1. Residue check: is residue 148 surrounded by 14 or more Cβ atoms within 10 Å (Cβ to Cβ), more than 30 Å from residue 90 (Cβ to Cβ), in contact (Cβ under 8 Å) with a residue 40 or more places away in the chain and within 16 Å of the chain's Cα centre (by Cα)?
2. If I filter the range 144-180 down to residues being in contact with a strand residue (DSSP E or B) (Cβ under 7 Å, 6 or more places away or on another chain) and at pLDDT below 90, which single residue comes out as nearest to residue 114 (Cα to Cα)?
3. Quick one: residue 126 ticks every box in (1) modelled with pLDDT of 95 or more; (2) crowded, with 21+ Cβ neighbours inside 10 Å; (3) at negative phi except a single one, so which number is it?
4. If we keep just the residues of the range 32-73 that are in contact with a helix residue (DSSP H, G or I) (Cβ under 9 Å, 6 or more places away or on another chain) and modelled with pLDDT of 95 or more, which is farthest from residue 173 (Cα to Cα)?
5. Can you name the residue in the range 139-198 that is in contact with a helix residue (DSSP H, G or I) (Cβ under 8 Å, 6 or more places away or on another chain) and assigned to a strand (DSSP E or B) and is also farthest from residue 80 (Cα to Cα) among such residues?
6. Residues that are over 22 Å from residue 42 (Cα atoms): list the strands (runs of 3 or more DSSP E) wholly contained in the range 53-129 that include at least 3 such residues.
């Protein structure tokens with residue numbers, strides 16, 4: 001998929017995500033609008049492919065910050081800043097040859113389809129940025145998405161703890177220069193996350 005195709009895909013993902021929000025606002029004004037903020041962290045199992053070669057599935061640290069509005073009890077919608085630390089950056093960037101990560105800026109929707117349970121669906125997608133500090137490696141951008149399922153247990157009226165399983169995937173732009181040519185870059189990841197929500 002070329003750059004225009006990836007951009008179009010990201011725009012469509014954002015439109016679908018925020019459609020839920022605008023539809024809910026238009027249906028009723030009787031529900032008091034609230035905000036939510038979340039932090040999630042856990043283990044990811046990531047597989048990165050490039051130049052038609054696939055790497056082993058490796059463990060990484062996954063972290064996410066989410067926030068937005070709650071137009072209805074069954075819907076939370078906003079933005080998600082999340083990413084995967086594949087290799088730690090050496091000595092707070094003092095070692096320029098260590099560090100691999102993927103950072104994402106996504107639109108997000110959490111949908112609670114059942115009234116009698118706190119099971120929910122997590123759908124998000126948008127733009128990705130790949131960073132690799134190794135020699136002859138290069139950063140690049142792309143698009144990605146996450147589909148997941150979670151369960152939230154309320155700790156108090158406004159605080160809850162969640163257990164989430166996500167499947168994430170994305171594609172990255174090709175890199176072509178005098179040093180290297182990297183093409184067909186894409187990844188997929190399975191995440192096992194624990195999150196805390198305030199709303």
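The values are calculated or read from the model by the stated rules, or taken from the named source; none is laboratory data. For clarity, every value in this text was computed on a predicted model and none was experimentally measured. Here Cβ is always computed from backbone atoms with ideal geometry, including for glycine, and neighbour counts include all displayed protein chains.
1. So residue 148 fits the description; yes.
2. The residue in question is 174.
3. (3)
4. 69
5. Of all residues in the range 139-198, those in contact with a helix residue (DSSP H, G or I) (Cβ under 8 Å, 6 or more places away or on another chain) come to 142-143, 145, 171, 173.
Filter again for assigned to a strand (DSSP E or B), leaving 142-143, 145, 171.
Working: 142: 16, 143: 14, 145: 11, 171: 18 Å.
Looking at the filtered set, the residue picked out is 171.
6. Details: elements: 58-72, 75-87, 100-111.
Hits in the range 53-129: 58-72.
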